[in-house]
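Encoded as structure tokens, the structure appears first; notes follow it.
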Ligand code: ADP
């Protein structure tokens, strides 16, 4: 079975990567899909985010990256993916994620949402926290796949590596 892992990935973190690696062992194929959300102004362009994901997952032969706009369930249907993967970090993710999962199920009963619990070392990690640290010149190399820390430093006009 093929799984879809949708998100903003702005940028991809080691938390996302952990979830991708674990799901690549569970599914024949994992499609990481960057959502083009007109309501959100991303820090990294779609092309940059796709390149970051492709570079970070190049060691996983059954993982692909793509982008989409519109409804996630429509994209799941179009690509023949029966499972939407989402990560749960803390209780605070739960309510929102459950609402989306129920809505998606009402729209497409044949597409299941599956939650994977985040690995403990990454449970505090989010793209926005990483950007907050990088904005002020903090060290983020232990939080993002290689190469991404350098791009963050460039984005915020900080020196790399941090002093
Ligand atoms: P979105 O805007 O769709 O929430 P994100 O890129 O923030 O996009 O997250 C995409 C998915 O990855 C979500 O299911 C989120 O819960 C999960 N995720 C985010 N951070 C982590 C992490 N540190 N560990 C595991 N999963 C995560």
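Where a number appears in this text, it was derived from the coordinates with a stated rule and is not lab data. These numbers were taken from a predicted model, which means no experiment stands behind them. All Cβ positions, glycine included, derive from the backbone under ideal geometry; neighbour counts span all protein chains shown.
Observations on the model:
- Size descriptor, Kirkwood hydrodynamic radius, that averages inverse alpha-carbon separations across the stretch 54-131, Å: 14.4
- Residues 55, 89 arranged by fewest to most Cβ contacts within 10 Å: 55, 89
- Among 10-16, 44-50, 97-103, the order from most to least packed when residues are scored by Cβ within 10 Å on average: 10-16, 44-50, 97-103
- With q set to 0.12, 0.15 Å⁻¹, the log10 of I(q)/I(0) for the chain, from the Debye formula over equal scatterers at the Cα positions, is -0.52, -0.82.
- Structure-based [θ]222 nm, the chain - -39500 (n - 2.57) summed over DSSP H runs of at least 4, per residue, nearest 500: -12500 deg cm²/dmol
- Mean Cα-pair separation over length for the chain, i.e. relative contact order, pairs under 8 Å, 6 or more apart, %: 27
- Directionally averaged projected area (convex hull, Cα atoms, the stretch 5-45), nm²: 3.1
- In the chain, the longest principal axis of the Cα atoms and the axis of helix 91-107 are about 40 degrees apart.
- The packing ranking of peptides 24-32, 117-125, 154-162, highest mean first, is 24-32, 117-125, 154-162, where packing means the average number of other beta carbon atoms within 10 angstrom of each residue.
- Taking the empirical scaling 2.2 N^0.38 Å for compact globular proteins as reference, the stretch 12-81 has a Cα radius of gyration ratio of 1.11.
- A convex hull fitted around the alpha carbon atoms of the stretch 78-118 yields 59 Å³ per residue.
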